[in-house]
1. If you take the residues of the range 68-87 that are of a type in the set (A, V, I, L, M, F, W, C) and surrounded by 15 or more Cβ atoms within 10 Å (Cβ to Cβ), which of them is modelled with the lowest pLDDT?
2. Identify the single condition in (1) in a helix (DSSP H, G or I); (2) modelled with pLDDT of 75 or more; (3) aliphatic (A, V, I, L, M) that Ala96 does not satisfy, given that it satisfies every other one.
3. Scan the range 54-65 and give yes if some residue there is at pLDDT below 85 and not aliphatic (A, V, I, L, M), otherwise no.
4. Can you tell me which residues in the range 59-86 are of a type in the set (D, E, K, R) and closer than 15 Å to Leu18 by Cα?
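The values are calculated or read from the model by the stated rules, or taken from the named source; none is laboratory data. Values in this document were obtained by computation on a predicted structure and should not be read as measured data. Every residue, glycine among them, receives a Cβ derived from its backbone with ideal geometry; neighbour counts consider all protein chains shown.
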Amino acid sequence: MEAAKAAGAALLAVGIGLVLFTFYCAYNAFLEATQLKLLVTGAANPWEAFTAVLGPLVKSCIMVMFLGVMGWAGVTLTSRGAQLFRMPLPKAPARAPPRPLPSAPAPPPSAPPTAYPGVESA
């Protein structure tokens, strides 16, 4: 059962590492976020503004989904690792009680008495 505990500890470490890496990536993405400046003028075409904003929005959505999947995988690995690590050791199989040793063979049944003492037969 030591192999299961070792596998549980390894999964736990990998899962926690993946969750920490996810938070690190999210923090770096937050620090490097670009700010969009929309110049709205009376002559600006709304479709041009929409097209200019669509690229960064799609990039941000893809990054959020990627971080979500990474976080989900890290939490799942951590959960499975904790389950394996806490798994109870199997109990030793119950031993059957020992069989009694055979005793001396029983004597053969005796013939029934023909007459009982003190009783007269007819």
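1. Of all residues in the range 68-87, those of a type in the set (A, V, I, L, M, F, W, C) come to 69-70, 72-73, 75, 77, 82, 84-85, 87.
Narrowing the set further to residues that are surrounded by 15 or more Cβ atoms within 10 Å (Cβ to Cβ) leaves 70, 73, 75, 77, 82, 84-85.
Values: Met70: 94, Ala73: 94, Val75: 94, Leu77: 93, Ala82: 91, Leu84: 87, Phe85: 84.
Looking at residues that are of a type in the set (A, V, I, L, M, F, W, C) and surrounded by 15 or more Cβ atoms within 10 Å (Cβ to Cβ), I get Phe85.
2. Result: Ala96 fails condition (1) only.
3. yes
4. Arg80
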